[in-house]
Amino acid sequence: MDYLLFRTDELPAGEESLLDAEERRAYAARGESYLRARCRLKRELALRAGCDAGKIHFTYGASGKPLCEGHFFNLSHSGELLCIAFHGAEVGVDIQEHRNVAHLRSVAQRILSEEQLAALELFGFPPQEFFDCWCTAEALVKWAGDSIFNARRYPFIYDSGRIRPLFDGAPHVQLFRPAEGYSGAVAYS
């Protein structure tokens, strides 16, 4: 498993010619950062496939996970960072810029287990631990190709900066620090 980190403001300009019709619609709605990220992803996949980036095309899983035949990858962006993870089997990655936890507590109550929330509450919802758990939940559902609102299907324990999934067939989960003020997690088979 390996992952690449990029500062979105340092990505080279995207080439709209690399996008299909669906991606052009997404670009029109999401803007330049989408174009740059999608083009970087296609270039990285093309390097691994030994082909031109224009030949990379995606299908999408039921929850919107981009898929490219013969490749296992996932991407996440937050704040000024983009992360793309690659592996020889299913992979999910998430990065989060630390921001105001109070605004996110209600969403956290929908995706984290009662045990995880209680543990975070006990320590006053420290940002590093909160975002480590958030990233883990996101990475696990992305690994599974599921929706974040089904995150409770993938329970885990967070203990002293380590993750231990609690379900059959669980992947490995690795926490990482993409940059100061960020959390990241990658789940891989």
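The values are calculated or read from the model by the stated rules, or taken from the named source; none is laboratory data. This structure is a prediction, so every number in the text was calculated from the model and none was measured. No Cβ is skipped: glycine too gets one built from the backbone with ideal geometry, and neighbour counts run over all protein chains shown. We work out accessible area using only protein heavy atoms, side chains counted, and drop any ligands, DNA or RNA first. Shrake-Rupley method; radii C 1.70, N 1.55, O 1.52, S 1.80 Å.
Descriptive notes on the structure:
- Checking each residue in segment 126-142 for being of a type in the set (Val, Ile, Thr) and in contact (Cβ under 8 Å) with a residue 60 or more places away in the chain picks out only 141.
- Restricting attention to segment 158-173 and to residues that are in a loop (DSSP other than H, G, I, E, B) and over 15 Å from residue 189 (Cα atoms), the residue that is modelled with the highest pLDDT turns out to be 161.
- Residues of segment 149-178 satisfying the condition of being of a type in the set (A, V, I, L, M, F, W, C) and open to solvent by 80 Å² or more (accessible area, probe 1.4 Å): 149, 166
- Condition check for residue 11: under 17 Å from residue 93 (Cα atoms) and surrounded by 14 or more Cβ atoms within 10 Å (Cβ to Cβ): no
- Those residues of segment 15-29 which are within 29 Å of residue 89 (Cβ to Cβ) and touching a helix residue (DSSP H, G or I) at 6+ places or on another chain (Cβ under 9 Å), in sequence order: 18, 19, 23, 26
- Residue in segment 42-49 that is in contact with a His (Cβ under 8 Å, 6 or more places away or on another chain), open to solvent by 70 Å² or more (accessible area, probe 1.4 Å) and not hydrophobic (A, V, I, L, M, F, W, C) present: yes
- Sub-6 Å Cβ pairs linking a first residue in segment 1-30 that is farther than 18 Å from residue 80 by Cα to a second residue that is assigned to a strand (DSSP E or B) and open to solvent by less than 90 Å² (accessible area, probe 1.4 Å), at least 6 apart or interchain, are 1/87; 1/188; 2/86, ordered by first then second residue.
- Summed over segment 13-57, residues that are under 17 Å from the mean Cα position of the chain (by Cα) and aromatic (Phe, Trp, Tyr) total 1.
- Where residue 143 falls short, out of the listed (1) part of a helix (DSSP H, G or I); (2) over 19 Å from residue 189 (Cα atoms); (3) aromatic (Phe, Trp, Tyr): (2)
- Per-region count, segment 117-135, residues open to solvent by 60 Å² or more (accessible area, probe 1.4 Å) and in contact with a Pro (Cβ under 9 Å, 6 or more places away or on another chain): 0
- A single entry from 138, 114 fulfils the requirement of being open to solvent by 60 Å² or more (accessible area, probe 1.4 Å) and acidic (Asp, Glu): 114.
- Neighbours by Cβ (under 6 Å, 6+ apart or cross-chain): first from segment 67-84, open to solvent by 20 Å² or more (accessible area, probe 1.4 Å); second assigned to a strand (DSSP E or B) and not acidic (Asp, Glu): 67/59; 72/87; 72/91; 75/84; 80/7
- Set 97, 90: member being at pLDDT 95 or above, in contact with a helix residue (DSSP H, G or I) (Cβ under 7 Å, 6 or more places away or on another chain) and open to solvent by 60 Å² or more (accessible area, probe 1.4 Å): 90
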